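Q: Quick one: the structure is below, and I'll ask about it shortly.
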Amino acid sequence: MKKLGLVLGGLVLAACASTTVVDSALSQSLANQLFGAASRGTSEPAQTYGSYARGCADGLVQLPETGPTWQAMRLSRNRNWGHPQMIDFIEGLSRQAVQIGWRGLYVGDISQPRGGPMTSGHASHQMGLDADIWMLPPESLTLSRSERENISSVSVRTEDQRGLTSHWTPRHAALLRAAASDLRVDRVFVAAAVKIEMCRTATPEDTAWLQRIRPIAGHNYHFHVRLRCPAGSPHCETQSPTVAELSNGGNGCDDSLRWWVTDYLNPPRTTGRPAQPTEPAPPRRRHPREFIMADLPRQCSEVVQR
Ligand SMILES: [Zn+2]
């Protein structure tokens, strides 16, 4: 009996050792290769792990490629997967788009089937809670797969980044307002010129939703909607600073917005000798494409293996 116990003990030890080897091999693997290879979501209940730019998710669902008021674009990328709340949000916004006078929405990337870092493009979009919506109003909602690969969106912002093009319409403003008014939305990223235009007519009643519209580089061909962590997501990290903190409780139509069309485009010249650095330069921040599995929340190793 004692001998059997020893043998079993040895087996257990051997099993543990081999699991550890497998785990450590997995933990050193490039995360975007593993998540990029997953073709379907997991069948677990929806759950998000980590943050928008360092995370993954269980139970993401696919936005139907074509619906009555939307089409998913660039289907070859297989990035039309989102948290059920995101899918519901997009379908709802596409119906509002119809009320605003569009035929619906062209929907760009959401997330990979299990989220995670991507093989190309975006740093975020890793939890099924980010989605890109094209600025191009759909002319047709019966585009073929190949048309959806080849058609391009339009830029609503001028090349010099200071103004808007003739593609910008009051309907775009109404659509962005509708998106930012949804209480599930944490923030909506747009080119600064877009927000500056929306600030022009802002009233105090607009503060709550206008605060959620945030300027960022790019985002002239599409806008990017980020949802808050859904209720019942204890492993999802909300973004900080919040939009309220970023705008000091105001609507964000302030100097920090003007910065995008002044100092950001024309950095002020420093006079005299450059200041001596007093501290060593911070380590270069890695792009999520460089993350290995060990950089992600531990649950993501399970998500990618399910
Ligand atoms: Zn995006």
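What follows draws every value from the coordinates through simple rules; no lab data is involved. Predicted model, so just to flag it, every value in this text is computed and none were measured. Every residue, glycine as well, gets a Cβ built from its backbone with ideal geometry; the counts of neighbours run over all protein chains shown.
Q: Give me a comma-separated list of calculated 3J(HN,Hα) values for the stretch 185-198, in order, Karplus coefficients 6.51, -1.76, 1.60 applied at θ = phi - 60°, integers in Hz, x for any Gly or Pro.
A: 7, 7, 6, 10, 9, 9, 4, 4, 4, 5, 5, 4, 5, 6
Q: Which order results if I87, I292 are arranged by neighbouring Cβ count within 10 Å, fewest first? Kindly include the intermediate steps, with their values, before the conclusion.
A: Working: I87 21, I292 17.
Fewest-to-most Cβ neighbours within 10 Å comes out as I292, I87.
Q: Under 5 Å between amide H atoms, partner at least 5 residues away or on a different chain: which partners does W81 have, H built in plane at 1.01 Å?
A: L63, I110, S111
Q: Can you work out the Karplus-derived ³J(HN,Hα) for every residue in the stretch 285-290? Use 6.51 cos²θ - 1.76 cosθ + 1.60 with θ = phi - 60°, whole Hz, and x for glycine or proline.
A: 6, 7, 6, x, 4, 8
Q: Using alpha-carbon pairs under 8 Å, 6+ residues apart, how would you state the relative contact order of the chain in percent?
A: Computed value for the chain: 22 percent relative contact order.
Q: Kindly state, to the nearest 0.05, the FRET efficiency for R162 paired with H287, given R0 = 22 Å and r defined as their beta-carbon distance.
A: According to the calculation, E is roughly 0.15.
Q: Still on this model: Which one, A294, A31, A180, has the greatest fluctuation when you compute a Gaussian network model over the chain with C-alpha springs under 10 angstrom?
A: Largest GNM mean-square fluctuation: A294.
Q: Now for a separate question. Go ahead and estimate [θ] at 222 nm for the chain from helices alone: -39,500 (n - 2.57) per DSSP H run with n ≥ 4, summed, over the residue count, rounded to 500.
A: -9000 deg cm²/dmol
Q: GNM on the chain, C-alpha springs below 10 Å: top fluctuator among R103, R145, R284?
A: Greatest mean-square fluctuation among the candidates belongs to R284.
Q: Continuing with the same structure: Would you work out which of Q211, Q239, C199 lies farthest towards the positive end of the dipole of the stretch 184-253, given +1 charges on the beta-carbon of Lys and Arg and -1 on that of Asp and Glu, about the Cα centre?
A: Q239
Q: Next up: Considering only C229, C199, C56, give the residue with the highest GNM mean-square fluctuation for the chain, with springs between Cα atoms whenever their separation is below 10 Å.
A: C199
Q: Could you give me the ³J(HN,Hα) list for the stretch 96-110, computed from phi with Karplus coefficients 6.51, -1.76, 1.60 and θ = phi - 60°, whole Hz, x at Gly and Pro?
A: Along the stretch 96-110, the couplings run 5, 4, 5, 4, 6, x, 8, 6, x, 10, 9, 9, x, 5, 10 Hz.
Q: Treating only the Cβ atoms of Lys and Arg (+1) and Asp and Glu (-1) as charged, compute the dipole magnitude of the stretch 153-305 about its Cα centre; round to the nearest 20 debye.
A: Working: 20 positive and 16 negative charges, 50 e Å.
Here the stretch 153-305 has a charge dipole of around 240 debye.
Q: Follow-up question, since we're still on this one. Looking at the chain only, what percent of DSSP beta bridges run antiparallel? Nearest 5 please. Mind dumping the intermediate values first?
A: Numbers: 22 of 29 bridges.
Expressed as a percentage, antiparallel bridges in the chain total about 75.
Q: What dipole magnitude, in Debye to the nearest 20, does the stretch 32-87 give about its Cα centre under +1 on Lys/Arg Cβ and -1 on Asp/Glu Cβ? Please report the intermediate quantities before stating the final value.
A: Working: 5 positive and 3 negative charges, 47 e Å.
Computed charge dipole of the stretch 32-87: roughly 220 debye.
Q: Could I ask something else about it? Could you give the size of the charge dipole of the chain about its Cα centre, using +1 on the Cβ of each K and R and -1 on the Cβ of each D and E, expressed in debye and rounded to the nearest 20?
A: 500
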